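This report concerns only the one structure given below.
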Amino acid sequence: MRQQSQRLARSARLRRTTFALALAGLVTLAACSKKEAAAPAPRPVVAVAVHADGKAAPAASLPGEVQARYSTPLSFRVGGKIIERRVRLGDVVKTGQIVARLDPADAQKSSASAQAQLTAAQHAFTYAKQQLERDQAQAKENLIAPAQLEQTTNAYASAAAQRDQAAQQAALSKDQLQYTTLVADHAGVITAEQADTGQNVSAGQAVYNLAWSGDVDVVCDVPESALAALAVGQTARVTLAALPGRSFTARVRELSPAADPQSRTYRARLTLENPGADVRLGMTADIAISTSPANSAANQGSSFVVPATALFHDGAEPAVWVVRAADNALELRRVTVTRYNERTIVIGGGLKEGERVVLQGVHTVSAGEKVRPIAPLHPEDFAS
């Protein structure tokens, strides 16, 4: 019995020792787990180094149309019936060339009547002048009363006024007779016919449309997203579908200050430099706007093009996450955005050459967080 009691006591001590060792092992494992949780591995983020391109990326190409810088309607200054048209659509005309004529019969009669009235007024004036000279001579000899001299003087002044009025009416009738002939006041090309022979037209009604020779414009409608890339005096490269393999230089001459109420676009006119005779009116054009620092004050200095997904905001200010080279910690950096494109943004200030910018997941990270930068899976999707 005594030996059995000793064996039971040793067995109990052995179990207590085993339990204590197991408990110590669990405590050690728990301490190790807590230590590992306190230092998690850096989070991987998609980031790339940015490089200055020296210029902003070109805006999206804009469709346009070749037009004459000046284009005016040709119309008669008096109404009547068209009896002759001397030019047709597409004809080239010179300054002073006759292009159409109205029936001059009524204008000729009006001019003849005004000329006859002028002749009668001139005769009446001559008679009144002679009568005044006689009465003045007789008045010096006291042969007529002063009242008679006053009447003669008044008749002379009235005859002079009637003569002047008749002369002006005759000149007006002569001009109206000349207005029955329509002449081109500038050299150019006929781009539209708006009246036919035999048609009665009113004064000011367009008969032709004349595109002046000289400067040639390219007209395009600019959407709001590309408006910031345009400025008067800026140069652009123009290609024409009808002339493949050739490009032309154009300069922005005019930019509408207000949007069209229907299309919400802004009309821009660019003047082609040395277009050549093969550039015809109405050709379709493709306009590529260059926004280099020389052309835009907003893009002075270096600029960086990054995906729009990299943009974050620090309050109301645009910002991006920069991975510090020293410790791979994140830093929120305010930047200046000079232009917003469809998929990219152009940053004009706030970044330095070679700095790494986070491209994705900008809303899931925090300042000071340690990260592990990785390259994008498809680098071509993030190419600037």
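We did not get these values from a lab; they are worked out from the coordinates using the rules stated. Note that this is a predicted model, so its numbers are computed, not measured. Don't worry about glycine lacking a Cβ; one is built from the backbone with ideal geometry, like all the others, and counts go over all protein chains shown.
Cα centroids of the range 128-152 and the range 186-252: 71 Å apart.
Here the calculated FRET efficiency for A325 and R251, from their Cβ-Cβ distance with R0 = 51 Å, stands at 0.70, rounded to the nearest 0.05.
Close amide H contacts of L359 (hydrogens built in the peptide plane, cut-off under 5 Å, sequence separation of 5 or more or a different chain): V46, A47, V48. FRET efficiency for the pair T336 and L227, taken as 1/(1 + (r/R0)^6) with r the Cβ-Cβ distance and R0 = 22 Å, rounds to 0.75.
Modelled spin labels at R280 and D185, positioned 7 Å past Cα toward Cβ, are 2.9 nm from each other. Over the range 153-230, the pair-distance histogram of Cα-Cα distances with 5 Å bins from zero comes to 3, 10, 11, 12, 10, 9, 10, 9, 7, 7, 5, 4, 2, 2, 1, 0 percent, rounded to whole numbers. Computed from the C-beta positions of E369 and A288 and an R0 of 41 Å, the FRET efficiency is 0.45 to the nearest 0.05. In summary, the aspartates and glutamates within cross-link reach of K174, defined as a Cα separation below 17 angstrom excluding same-chain residues under 8 places away, comprise D103, D106, D164.
Percent of Cα pairs in the range 74-183 per distance bin of 10 Å, from zero to the largest separation: 14, 26, 20, 15, 12, 8, 4, 1. Around the Cα centre of the range 74-183, unit charges on the Cβ atoms of Lys, Arg, Asp and Glu (plus for the first two, minus for the last two) sum to a dipole of about 660 debye. The gain in end-to-end length when the S202 to R264 segment is fully stretched comes to 18.7 nm, 0.36 nm per residue minus the alpha carbon separation.
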